1. Val39 passes all but one of (1) assigned to a loop (DSSP other than H, G, I, E, B); (2) at pLDDT 90 or above; which number fails?
2. Go through (1) assigned to a loop (DSSP other than H, G, I, E, B); (2) among the aromatic types (Phe, Trp, Tyr); (3) at pLDDT 95 or above for Phe62 and report which single condition fails.
3. Does region 70-80 contain any residue that is hydroxyl-bearing (Ser, Thr, Tyr) and modelled with pLDDT of 95 or more?
4. Take region 93-102 and flag every residue that is surrounded by 15 or more Cβ atoms within 10 Å (Cβ to Cβ) and closer than 19 Å to Ile126 by Cβ.
5. Would you tally the residues in region 61-83 being of a type in the set (A, V, I, L, M) and out of contact with any Phe, Trp or Tyr (no Cβ under 9 Å at 6 or more places or on another chain)?
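The values are calculated or read from the model by the stated rules, or taken from the named source; none is laboratory data. Keep in mind that this is a model prediction, so the values were computed, not measured. For neighbour counting, all protein chains shown are included, and Cβ atoms are generated from backbone atoms with ideal geometry for every residue, glycine included.
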Amino acid sequence: MCPESTPPPLPSAPPPFIPPDPPPPPLKPEVVQVVIDKVQQKTGVFSKVTFRMVVTDLRLIFVLQTKNNIDYLHQDPNLSLTENPANFTVALDQVQAIEIYRGDFEDNSPDNMIIKTLSDKMTFQINDAYRASQNLKKVLGSLVR
């Protein structure tokens, strides 16, 4: 037999299939517990910015409120946080207290919520102090006053 007429060698048997290791189980997912709408923070004398406060078991996420109707109760909190660069978060282990005050009808002052952290104090105007207080007390307990 001459070298030009020799058939090519048969392919060797492929290596046995070894499945990849399964991914590690996900860490405990962050759970959204309540969403408070129309949380407003003053940015100037006549201006304010409106957030939705998404409360999870780990943190408070302030999401710039837009016209879209996203269901933040069922959306991944990290996705909510990355929607807008103005969004921010406060870890629950940094929160010392959340104080909620009813406005005064006489002098037309709005309901307020003050969030005290280890390093900051943030004041927000809210629509319904009673409902916000009840909802937050259910999930945050004694942090809410």
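1. It fails just one condition, (1).
2. (1)
3. Checking region 70-80: not a single residue is hydroxyl-bearing (Ser, Thr, Tyr) and modelled with pLDDT of 95 or more.
4. Residues satisfying the conditions are Val95, Ile98, Glu99, Ile100, Tyr101.
5. Residues in region 61-83 being of a type in the set (A, V, I, L, M) and out of contact with any Phe, Trp or Tyr (no Cβ under 9 Å at 6 or more places or on another chain): 3 in total.
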